[in-house]
1. From the square roots a ≥ b ≥ c of the eigenvalues of the alpha-carbon gyration tensor of the range 61-143, which class results: rounded (a/c under 1.5), prolate (a/b over b/c), or oblate?
2. Could you list the square roots of 5 times each eigenvalue of the Cα gyration tensor of the chain, that is, the equivalent ellipsoid semi-axes, sorted largest first and rounded to whole Å?
3. Taking every Cα atom in the range 135-194, find the radius of gyration and the maximum pairwise distance Dmax, and write them in Å.
4. State in Å² the accessible area per residue of the chain; use a 1.4 Å probe, count heavy atoms of protein chains only, and round to the nearest integer.
5. Please sort 160-170, 37-47, 226-236 by packing, taking for each peptide the average over its residues of neighbouring beta carbons within 10 angstrom, highest first.
6. In the chain, with Lys and Arg counted as +1 and Asp and Glu as -1 at Cβ, which of these residues, ILE223, ALA73, GLY117, has the Cα nearest the positive end of the dipole, that is, farthest along it?
7. Work out the length of the dipole vector of the chain about its Cα centre, built from +1 on the beta-carbon of each Lys and Arg and -1 on the beta-carbon of each Asp and Glu, and round it to the nearest 20 debye.
8. Quick one: with all protein chains in place, what share of the accessible area of the chain is carbon or sulfur, to the nearest percent (1.4 Å probe)?
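The values are calculated or read from the model by the stated rules, or taken from the named source; none is laboratory data. Computed from a prediction, not measured in an experiment: that's the story for all the values here. Backbone-built Cβ (ideal geometry, glycine too); neighbour counts: all protein chains shown. Calculation scope for accessible area: heavy atoms of the full protein, side chains included, ligands and nucleic acids excluded. Shrake-Rupley method; radii C 1.70, N 1.55, O 1.52, S 1.80 Å.
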Amino acid sequence: MLGLTSDIGRELALRYHADGWHISGTCRAGSTPSGLPGGVDVFECDFADAESVDRFTGRWSATGEKWDLIVAAVGTEEPIGPFAECGGNDWDRGIFVNALGPLRAVRGLLASRRVEGEPAVAFFSGSGTNSAAPSYSAYAASKILLIKMCELLDAESADTRYFIIGPGIVRTKIHQQTLDAAVRAGKNLGKVEKFLGSDEPGTDHREIHACLSWCLSQPKAVIGGRNLSLVFDAWRRGGSDLAAYLLSNPDAYKLRRLGNDIRLPHTPQ
């Protein structure tokens, strides 16, 4: 579990531990996650620091254990604000924490995967992947990078499934970053304040666990390289229709140019 101190990472670790899985995960230095059951292996890792990521993957690989599933639950919305006003280092750090660091960790752990049974690597997407997300350019661009990398990595690998889940809005501490950004968050500040001040539950962690488990129950031909929407896609109640649709449509739920099949007449120059 990449990101045991994230709310989603911690909740998934608890649920998969209850399911009988052996859990290993990461946390930032000085932020050891609380409330985890015994037997969970915790490694320090700063996903903004390439050397820290390499130390983590080296230490984990040295244990000699094999993994069946990597879940990347690391993320930050910072820096929040117009692209022109984001400091270069801050913007680069956002890309690294959300995408480059977790991908670096996956690459460092690939040799330790248990190839029997199609191991899986799961990421989480977010807002801004289907429309513009002003003031959140590093976050949105990182998620789009992960969506495409899932397709690329799945195509490169014959034995490992890569996929990404859009969980919808979840009540987690990441929203504090928007509140702290205040006016720099633009229109999204009002949306977040309205959500947090309402009785709307958002996506429940039980739903995230159930959706991820459905994805893991699917073979590579169905789930590999896909960007699944937890909220809108028909994975519940067995999801047999969704599985059949994905199996027969290899380009579905992947990053594509809208209207690519439209052929408009043009005037030769």
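1. Values: a/c = 4.37, a/b = 2.22, b/c = 1.97.
Cα axes put the range 61-143 in the prolate bin.
2. Values: eigenvalues 153, 129, 79 Å².
Semi-axis lengths for the chain are 28, 25, 20 Å.
3. 15.5, 47
4. Working: 13980 Å² over 269 residues.
I get 52 Å² per residue for this part.
5. Working: 160-170: 21.7, 37-47: 15.7, 226-236: 18.0.
Highest to lowest by the protection proxy: 160-170, 226-236, 37-47.
6. Of the candidates, ILE223 comes out farthest on the positive side.
7. Working: 29 positive and 32 negative charges, 89 e Å.
That gives a dipole near 420 debye.
8. On the way: 7480 of 13980 Å².
With neighbouring chains kept in place, the figure for the chain is 53 percent.
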